[in-house]
Amino acid sequence: MRSIRHKTVFAAAFAFAAGFATVASALPARCAPCRQIYDDCMAGPNPSYEVCARQYNECVPPGCVLMPLPLDP
């Protein structure tokens, strides 16, 4: 009886890990266009991290990591 429970827990953990990996791999693809906007902004003639980070943060869909912005004094 114990080995059946162990196999069930292992299978559940494996299914969870596979689902998490699928979701995690899909997020960068959704965030990539906004990352390109940031990269292009920083490659411009007068790059400003704050301006480029704000553009990126306004672009990204929910689930993408936001870039930190400097605190206003």
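Coordinate-derived values only; no laboratory data. The structure presented is a predicted model; accordingly, all values stated were derived computationally and were not measured. Ideal geometry is used to build each Cβ from the backbone, glycine not excepted, and the neighbour counts take in all protein chains shown.
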Search the structure for amide H atoms under 5 Å from the amide H of Met67, placed 1.01 Å from N in the peptide plane, and list their residues when 5 or more places away or on another chain. Asn57
Length-normalised contact order of the stretch 31-73, Cα under 8 Å, at least 6 apart, in percent, tallies to 38
Ordered by packing density, taken as the mean number of other Cβ atoms within 10 Å over each peptide's residues, highest first, how do 31-39, 57-65 rank? 31-39, 57-65
